[in-house]
Every structure is written in C-alpha cells, then in structure tokens.
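Here's the structure we're looking at; comments come further down.
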Amino acid sequence: MKITLSGFGVIGAGLLLSGHLAFGQAAASAPAAAKAPAKGSVRAKVPAAAQPWKKIPIPPLHAFKPVQPKRIELANGLVLFLQEDHELPFVSGSILIRGGSRDEPADKVGLVNLYGQTWRTSGTAAVNGDVLDDRLEAKAASIETRGGTATTSLAWNSLKGDFDSVFSTAMDLLLHPAFSKDKLLLAKRQMETGIARRNDDANEIASRESARVVYGANSPYARHAEYATVEAVTLDDLKAWHERTLVPENMIVDVSGDFDGAAMETTLRKAFEPLPMGTRLQSAKVDFAGPLPGVYFVNKSDVDQSNVFIVGLGTERSNPDYYALSVMNEIFSGGFGSRVMQSVRTKLGLAYSVGGSFGAAYDHPGLFRVGAGTKSSSTVAATQAMLDEIGRLKTLPPTADELRKAKEQVLNSFIFNYDSREKTLNEQVVLAFYGYPPDTLEKYKTGIESVTSADVSRVANKYVDLSKLAIVVVGNEAELNTPLSKLGKVTNVDITIPPPPGKVKN
C-alpha cells in the first residue's frame with residue numbers, strides 16, 4: 001500500500017499492488033495568471049449573511065461496514081474468496097500468484113514481465129493465443145495475464161451465461177500454458193522498445209532515479225530491465241517460473257459477480273482441490289538503508305524546466321503510526337490548501353506543480369518523496385522552499401482547523417476506495433496475501449478519527465529527518481542560474497542506456 005500526499009507521480013508496490021490505497025491525491029497544474037483589478041475599481045465583497053452554504057449541517061459519516069466476501073481455505077493451502085453481486089449479469093475472477101519481479105534473477109531482470117505477456121499471448125496446448133483472442137472477442141469476454149513486483153496473475157471476465165466456458169479456458173491456460181517462441185520474441189521486442197524510450201520523459205527519469213537513490217541501484221525494488229537482461233530470458237526460464245510458482249499455497253482465487261455462492265464454491269473446489277501441495281515461495285530479505293544524502297543530478301539538455309524530488313525512506317502499512325502519518329500527509333500535501341502547495345506554489349510562485357508522498361507499502365518501506373516541476377532558473381529556490389516546508393512539519397504543529405479538515409478529507413476520500421463489493425473483495429485479497437487481519441478496513445475510520453495534533457507532531461519528528469534525505473534533479477544544466485552545490489554535494493547521474501549485446505556503445 002502507499003500513502004499519497006498528492007498526485008505527484010508516486011510509485012507502486014507492485015502487486016502490482018492492485019489494492020493500493022491513495023490518500024489526498026490532487027494534481028497541481030500550472031496556475032492561471034491572475035489579473036489585478038483595474039485602478040479605481042471596487043471588488044464586490046460577499047457579506048457573510050449571503051453565504052447560506054456555510055449553514056448547511058454536515059452529518060457524521062455512517063458506520064463503515066462494507067459487505068465482506070466469503071473466505072474458504074482448501075486443504076492444499078489455496079484460499080478462495082467469493083463475493084456475490086447480482087446488480088449486473090457479469091462474473092469476474094482472478095488468480096493471484098505469489099512471486100514477482102522482486103524475485104527474478106538479477107541477470108534476467110524483465111523475466112516476470114515477459115512471462116506475464118507471453119503466457120497469455122501463447123495460449124494453451126490446445127488453443128493458440130490468436131485463436132483464443134477471436135473466441136473471447138466473440139463472447140465479449142477477456143482472459144489476461146500479467147507480472148508485477150510481488151505477484152503474477154491470471155484474470156477473466158465474462159457474461160454470466162458464458163462463465164463455464166470462459167472459466168474452463170482460464171483453467172486450461174493456468175494448467176497447460178504453451179509459451180511459444182514467437183510470442184516471447186514479440187514480448188522482448190516490445191520491452192526493448194520501452195527501454196529505448198525510457199529517457200524521453202524527465203518526470204519518469206526523476207521517479208526512476210529516486211527509487212534507485214533510496215533503495216539502491218541493485219535493489220529488486222529499483223532495478224530495471226536492460227537489453228542484456230531481456231535477451232538472457234529463455235522459454236525454459238518462463239516454464240521454470242511457472243512450475244516454481246504454480247503451487248496452491250502461493251495462490252489466492254477470487255470470484256465476484258452474479259452467481260450462486262454454493263454452486264460457485266462447488267465449481268472452484270472441483271477445479272482447485274486436486275492441485276498437489278508444494279513449497280510456498282519466500283522472497284529474499286532486503287535491507288533498506290535509505291539514501292546517501294546529497295544532490296543527484298541528471299543533465300537533460302532538451303528541457304527548459306527542472307523536475308525535483310526530495311526523497312527518503314517511507315514506512316510500512318502495518319506501522320501503528322500509519323494513521324497519524326496519513327493525516328500528516330494530508331496537512332502537508334493533501335491538495336490545493338496544503339502547506340507545501342500554499343507555500344511553494346501559491347505564495348512564492350516557484351513551481352508549476354508540487355506534491356509529495358509518504359509511501360507505505362504492505363511488506364516493505366515505501367518512498368518518502370516531495371517533488372516539484374519548476375523553471376530552470378528557480379530550481380534551487382524551489383528546492384530550498386520545499387526543504388523549509390518539510391522542516392516546518394517538525395516545528396509547527398497543525399492547527400485545530402488543519403487537523404479537522406485533514407481528517408475529514410482522508411476519510412471522505414477513503415470511502416470511495418471501497419464503495420463497491422468488487423473493490424472490497426480486491427482489498428481483502430491483498431490483505432490476505434500480505435497476512436493482514438480481515439478487519440483492517442473497519443479499523444481505519446477509528447484510527448484516523450483518533451489522531452491528535454500531538455500525534456502529527458510526534459510522527460513528523462520521528463519519521464521526517466532532513467539529514468537523511470537526498471535530492472534528485474533532472475534539468476538543463478546550462479539554464480540553472482544558481483549552482484546545485486548550494487544544496488549539497490552534487491553527484492552527476494549517468495542514465496546512458498547500455499547497448500544490446502554485441503553492439504558497440506555510441
């Protein structure tokens with residue numbers, strides 16, 4: 001899971017953590033030029049009596065009681081979740097499988113991505129992928145596979161009347177994948193196209209390099225595929241990965257939609273109970289030391305502005321201080337009324353966009369990141385303004401009004417993450433995957449409501465340390481009026497893309 005202060009390019013935790021929670025997202029676009037009133041003109045002032053909307057009573061939130069799915073654990077360790085929803089005649093399902101890109105070999109980074117794509121496009125031993133495409137299209141149905149950071153998955157969707165045939169095909173794809181050579185080659189070419197273009201966007205570079213600075217270049221949470229690692233992946237690698245991860249204890253199956261619960265349980269038991277028990281995949285332990293403080297600069301001569309990120313380690317979703325950090329997030333960078341927005345963008349006019357995040361993944365620290373897009377000449381000034389505002393988090397407690405608004409905004413936005421049975425099901429799957437209690441969602445409202453001003457000040461002083469933060473800048477060196485050395489020791493970052501094997505570097 002990640003906590004997001006504002007919608008400024010935050011990272012994911014790759015279950016793709018399909019159950020990510022995001023708080024206070026608010027994209028900050030460039031401000032429109034404000035016209036000064038003509039000389040001698042009088043601006044109309046609305047009297048307080050003419051503001052009836054302020055008298056509208058705001059009732060308290062209702063008790064948070066989402067409809068929970070039925071959980072079933074089979075004897076072989078596989079977990080089922082069933083969520084009936086008869087509003088529409090559709091049935092959707094997915095199989096979440098433990099093991100993702102963080103578990104692939106360092107010399108074959110990209111393997112899980114290639115696996116996720118080739119698995120589906122190759123089809124099964126009985127039906128190739130192209131024929132499968134046509135059959136599913138005729139039913140307005142879909143079956144998809146993908147690879148993420150912590151998992152791979154197979155998902156399907158169909159009309160209620162087509163469930164039996166579509167589910168049968170999904171099971172065939174799960175148990176008898178073809179993994180064809182031509183589809184792997186196609187997936188490699190597509191991935192290599194992405195590698196060739198990965199330095200086109202300055203913000204994407206800043207986001208990518210921020211993860212490398214905080215987690216380390218060789219961390220499974222920061223490394224990225226290269227031509228050599230992609231070319232190293234073979235069909236045998238894909239088959240071996242499938243055999244390694246296709247174990248009942250590695251899998252969670254969920255189905256939602258218009259079906260009879262008892263009948264669906266029978267169908268799923270018949271499909272999955274025969275699978276033999278195996279060994280659950282365990283991810284390797286990763287150390288998270290945090291960044292080496294300093295300025296990390298990427299010179300991109302074809303841009304006329306700078307993308308700046310101030311970065312450090314975040315926390316985990318299981319942290320008892322998660323609720324207080326969520327409220328701190330909202331106060332600091334939850335929208336246009338937040339402190340960093342009002343200071344850096346509105347009052348000082350130093351950024352086109354500004355925001356940040358205190359990342360909280362489910363089973364590892366997320367990223368703490370505060371960033372801005374600013375014109376080249378104001379790069380240092382904007383960065384210093386963000387640093388100053390971060391520092392004030394530790395010395396300036398939230399006012400009663402700030403605290404009240406932040407808690408209301410967090411709770412009012414949170415509910416929309418679980419306003420349907422399918423969303424609630426998805427989150428319960430994620431909670432089960434990472435070993436969280438099923439009542440985690442219900443405790444959230446109480447947790448946020450109990451946060452005090454003292455709690456916010458306490459977590460700000462405990463988790464935000466300017467001496468442990470690094471600064472990543474992607475910009476045009478020729479247009480920087482003030483040297484970046486004013487902010488600290490500067491390290492130039494080389495983002496040159498290594499050439500494919502056998503080709504000479506230009």
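Based on a Kirkwood Rh over C-alpha pairs, give the Stokes-Einstein translational diffusion coefficient of the chain at 10 °C and viscosity 1.306 mPa s in µm²/s.
Calculated translational D: 63 µm²/s.
Above 25 Å lies some portion of the pair distances; for region 206-348, what is it as a whole percent of all C-alpha pairs?
62
So which lysines pass the test for residue 65, namely a Cα distance under 18 Å, with those fewer than 8 places away in the same chain ruled out?
By straight Cα distance, residue 65 reaches 423, 443, 445.
Just for the chain, what percent of DSSP beta bridges are antiparallel, to the closest 5?
Bridges in the chain are about 75 percent antiparallel.
Can you tally the net charge around residue 143? Count Lys and Arg as +1, Asp and Glu as -1, for every other residue whose Cβ sits under 12 Å from the Cβ of residue 143.
Once all neighbours under 12 Å are counted, the net charge is -1.
Between residue 193 and residue 452, 0.36 nm times their residue separation minus their Cα-Cα distance comes to what?
Taking residue 193 through residue 452 to full extension adds about 88.3 nm, to one decimal.
Given the -39500 (n - 2.57) contribution per DSSP H run of 4+ residues, what per-residue ellipticity at 222 nm results for the chain, rounded to the nearest 500 deg cm²/dmol?
-10500 deg cm²/dmol
Any idea which of 466, 496, 456 is furthest toward the positive side of the dipole for region 448-506, if Lys and Arg beta-carbons carry +1 and Asp and Glu beta-carbons -1?
Result: 496, furthest along the dipole toward the positive end.
Average the reciprocal distances over every distinct pair of alpha-carbons in region 368-506, invert the result, and give the Kirkwood radius in Å.
Every distinct Cα pair counted, the radius reaches 19.7 Å.
Roughly how many nanometres apart are two label points built 7 Å out from the Cα toward the Cβ at residue 135 and residue 72?
2.5
So which of 55/405; 405/462; 108/489 end up more than 27 Å apart, counting from Cα to Cα?
108/489
Considering only Cα-Cα distances, which of the following residue pairs are longer than 27 Å: 347/394; 160/188; 285/468?
Among 347/394; 160/188; 285/468, the Cα-Cα distance tops 27 Å for 160/188.
Please check the chain for the longest run free of trypsin sites (Lys or Arg not before Pro) that are loop-located per DSSP (anything but H, G, I, E, B) and have at most 12 other Cβ atoms within 10 Å.
286-488
What is the sum of charges around residue 155, taking Lys and Arg as +1, Asp and Glu as -1, for the other residues whose C-beta is under 9 Å from the C-beta of residue 155?
Local charge sum for residue 155: 0.
What number comes out for the charge environment of residue 90, summing +1 per Lys or Arg and -1 per Asp or Glu over other residues with Cβ under 13 Å away?
-3
Please work out the ratio of the alpha-carbon Rg of region 70-272 to 2.2 N^0.38 Å and round it to two decimals.
My calculation over the Cα atoms of region 70-272 gives 1.11.
Rule-based calculations on the coordinates, nothing more; no lab input. None of the values given here were measured: they were computed from a predicted structure. Reconstructed Cβ throughout: ideal geometry from the backbone, glycine too, with neighbour counts over all protein chains shown.
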